[in-house]
1. What does the extension gain come out to for Glu78 and Phe125, with contour length at 0.36 nm per residue minus their alpha carbon separation?
2. For the chain, how big is the tail of P(r) above 27 Å, as a whole percent of Cα pairs?
3. Find me the longest stretch of the chain that has none of the exposed trypsin sites (Lys or Arg not before Pro), where exposed means in a DSSP loop (not H, G, I, E or B) with at most 15 other Cβ atoms within 10 Å.
4. Of the lysine pairs in the chain, how many meet both conditions: Cα atoms under 17 Å apart, and a spacing of 8 or more in sequence or different chains?
5. Using a 10 Å cut-off around each Cβ, can you sort Ile86, Ile10 from fewest to most neighbouring Cβ atoms?
6. Give the order of Val122, Val97 when sorted by the count of other beta carbons within 10 angstrom, beginning with the fewest.
7. Tell me, what is the percent relative contact order of the range 1-74, built from C-alpha pairs under 8 Å that lie six or more residues apart?
8. Let me check I've understood the local charge: for Ala69, count other residues with C-beta under 13 angstrom from its C-beta, Lys and Arg +1, Asp and Glu -1. What total comes out?
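Each value in this text was obtained by applying a stated rule to the coordinates, not by laboratory testing. None of the values given here were measured: they were computed from a predicted structure. When we count neighbours, we look across all protein chains shown, and the Cβ atoms used for this are built from the backbone with ideal geometry, even at glycine.
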Amino acid sequence: MDPSAAKELIGLLSERASAWQALWTVFYTVSAAIVTLIASGKLLPKYRWLASSIAVAGFLLFAAGNYRALDELRKQREAIVEYVKIKAKDTPQIIAVAEASAPPSLADLRAYHWGLSVFVVVLLFAIPAFQKAPEA
């Protein structure tokens, strides 16, 4: 394999891995922000359950969109890894890099993403249950 072609393919794998990381960073940031907002009790303090329910609905819409983006990126990474393996059939070092860049399986992605989402939803409903009633 031509070294410049190998460099381009490795760069493409790196770019897709960075996009993957960015999507997870957004997911963690939004999750933490929503939980913090509900935990602060400043959003509709007299209607904590309503605020929590609205936050859950918004979070689930966000989580579904984030999951679709992650799944699409997972498919792209799988295709790139397979392409690199075919093109670099005589270069075991590049094949090893490609295999190390492989995304998780669909089942692993589902379990991790939706497991975290369920955890956030449970927190969003549990927090108002343990907050003190607002002062009248």
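1. Numbers: separation 47, 0.36 × 47 = 16.92 nm, distance 3.67 nm.
Value of the extension gain: 13.2 nm.
2. Values: 3701 of 9180 pairs.
So the portion of pairs separated by more than 27 Å is 40 percent.
3. Result, exposed sites excluded: 43-88.
4. Number of lysine pairs found: 6.
5. So the residues, fewest neighbours to most, are Ile86, Ile10.
6. With the sparsest Cβ surroundings first, the list reads Val122, Val97.
7. Details: 22 pairs, mean separation 29.1, N = 74.
Computed over the range 1-74, the figure is 39 percent.
8. That sum, taken over residues with Cβ under 13 Å, equals +3.
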